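In what follows, a structure is listed as structure tokens, so that the remarks can point back to it.
The values are calculated or read from the model by the stated rules, or taken from the named source; none is laboratory data. Being a predicted model, the structure only gives us computed values, none of them experimental. For neighbour counting, all protein chains shown are included, and Cβ atoms are generated from backbone atoms with ideal geometry for every residue, glycine included.
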């Protein structure tokens, strides 16, 4: 079987991490692009919060370009591919998409997770970890759409999951996609 790179895309609070968890439970190596941000925030001795994370994300993209997270994670992805297929939790920009699509070709598959802003903001305000206020969530949406071209990978997804209801429904959709990928 050819190893695949599955990139999970969607707006904050759509359910990307839950989908990545389900892929990991099916034997995929899980790589969270946001770990690069967390590492940099901690390296600077700052608390993990939306303001500091946004500053670091923007700084990394200024230094490395809008495909920064794909480039910085490429060695980790390639290493993981030696053992299993990979699920990327949180590909963000059009530039990351085109970089990875160019690198992996037909073995690169994009899964978009969609939830309405109302649903996402409700989830985000209830989160114990990495929670956001409605205002912070709306601000992050605007910044991600306008500054990092987040809409492109969502529009070009090979699969789209609507995540507006129950976890069981999400799991059923992910299982269908995993079966198709593993065929």
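Is it fair to say residue 79 is out of contact with any helix residue (DSSP H, G or I) (no Cβ under 9 Å at 6 or more places or on another chain), at pLDDT 95 or above, more than 27 Å from residue 165 (Cβ to Cβ) and part of a loop (DSSP other than H, G, I, E, B)? So residue 79 does not fit the description; no. Every condition in (1) at pLDDT below 95; (2) surrounded by fewer than 20 Cβ atoms within 10 Å (Cβ to Cβ); (3) part of a loop (DSSP other than H, G, I, E, B) holds for residue 61 except the one numbered (3).
Any chance segment 100-120 includes a residue that's in a loop (DSSP other than H, G, I, E, B), more than 28 Å from residue 86 (Cβ to Cβ), out of contact with any strand residue (DSSP E or B) (no Cβ under 8 Å at 6 or more places or on another chain) and free of Cβ contacts under 8 Å to residues at least 40 places away in the same chain? Break it down into steps so the answer makes sense when it comes.
Taking segment 100-120 and keeping what is in a loop (DSSP other than H, G, I, E, B), we get 115-116.
Next, from what is left, pick out any that are more than 28 Å from residue 86 (Cβ to Cβ): 116.
Subset that is out of contact with any strand residue (DSSP E or B) (no Cβ under 8 Å at 6 or more places or on another chain): 116.
When the remaining residues are screened for being free of Cβ contacts under 8 Å to residues at least 40 places away in the same chain, the result is none.
There is no residue in segment 100-120 that is in a loop (DSSP other than H, G, I, E, B), more than 28 Å from residue 86 (Cβ to Cβ), out of contact with any strand residue (DSSP E or B) (no Cβ under 8 Å at 6 or more places or on another chain) and free of Cβ contacts under 8 Å to residues at least 40 places away in the same chain.
Residues in segment 143-173 that are assigned to a helix (DSSP H, G or I), in contact with a strand residue (DSSP E or B) (Cβ under 7 Å, 6 or more places away or on another chain) and touching a residue at least 40 places away in the same chain (Cβ under 8 Å): 153, 154, 170.
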